[in-house]
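Take a look at the structure below.
The values are calculated or read from the model by the stated rules, or taken from the named source; none is laboratory data. All figures in this text were calculated on a predicted structure; none of them were measured in a lab. Here the Cβ positions follow ideal geometry from the backbone for every residue, glycine too, while neighbour counts run over all protein chains shown.
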């Protein structure tokens, strides 16, 4: 996962079938879902202390 606080952008890489990594851009306002940790974090919470 890459988080750019200046652009308020989240990029998430997930391993797909056959071991290939896929990039998922998380759209603004959408929750960040981390299946391996079984958690979901709201967009506002990710960037809550960013000016």
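Using the structure shown, decide if residue 44 is modelled with pLDDT under 95, out of contact with any strand residue (DSSP E or B) (no Cβ under 9 Å at 6 or more places or on another chain) and outside any loop (DSSP other than H, G, I, E, B).
On the way: modelled with pLDDT under 95: yes; out of contact with any strand residue (DSSP E or B) (no Cβ under 9 Å at 6 or more places or on another chain): yes; outside any loop (DSSP other than H, G, I, E, B): yes.
Here the answer is yes, as residue 44 does meet what is asked.
I'd like the full set of residues that are exposed (fewer than 10 other Cβ atoms within 10 Å of the Cβ), outside any strand (DSSP E or B) and either in contact with a helix residue (DSSP H, G or I) (Cβ under 8 Å, 6 or more places away or on another chain) or at pLDDT 90 or above (or both), limited to region 1-20.
6, 7, 16, 18, 19, 20
Looking for something without any contact (Cβ under 8 Å) to a residue 60 or more places away in the chain, in a loop (DSSP other than H, G, I, E, B), farther than 14 Å from residue 1 by Cα and in contact with a strand residue (DSSP E or B) (Cβ under 7 Å, 6 or more places away or on another chain) - is there at least one such residue anywhere in region 21-31?
There is no residue in region 21-31 that is without any contact (Cβ under 8 Å) to a residue 60 or more places away in the chain, in a loop (DSSP other than H, G, I, E, B), farther than 14 Å from residue 1 by Cα and in contact with a strand residue (DSSP E or B) (Cβ under 7 Å, 6 or more places away or on another chain).
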